Amino acid sequence: MVRTIPTNGPIITAPVFSNGTVYIGSLDRSLYAIDEDTGRKIWSFSTAVVLIILLKDGFWATPVVADGHIYAPNMDGHVYVWMSWMENRSPL
């Protein structure tokens with residue numbers, strides 16, 4: 001079965017799988033967490049909420065999951081970090 005999650009921009013990163021969740025970054029300024037089994041979006045975080053002025057931001061590189069953290073580099077010059085088990089979608 002093919003599953004799709006709509007985004008508002010191209011996806012140029014490779015998906016990362018960790019503990020039943022797929023993480024995908026998009027040039028729509030969002031990082032998406034998707035349930036591996038159902039294909040449903042668990043959460044997303046948009047840098048547009050944090051940095052409205054910057055129009056050149058977007059998740060351009062594949063996120064890395066290590067030691068319970070998700071590291072996602074962004075074109076705004078920041079690396080956003082989340083704890084992979086957190087329900088809160090805001091980075092640390």
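All of the numbers you see were taken from the coordinates with simple rules; none came from a lab. Bear in mind the structure is a predicted one, so any value in this text is a computation, not a measurement.
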Got the relative contact order for the stretch 16-83 handy, in percent, Cα pairs under 8 Å and 6 or more residues apart?
25 percent
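Work out, step by step, the length gained on full extension between Asp37 and Asn8: first 0.36 nm times the residue separation, then minus their alpha carbon distance; give nm to one decimal. Please list the in-between numbers first.
Values: separation 29, 0.36 × 29 = 10.44 nm, distance 2.32 nm.
Here the segment from Asp37 to Asn8 would lengthen by 8.1 nm.
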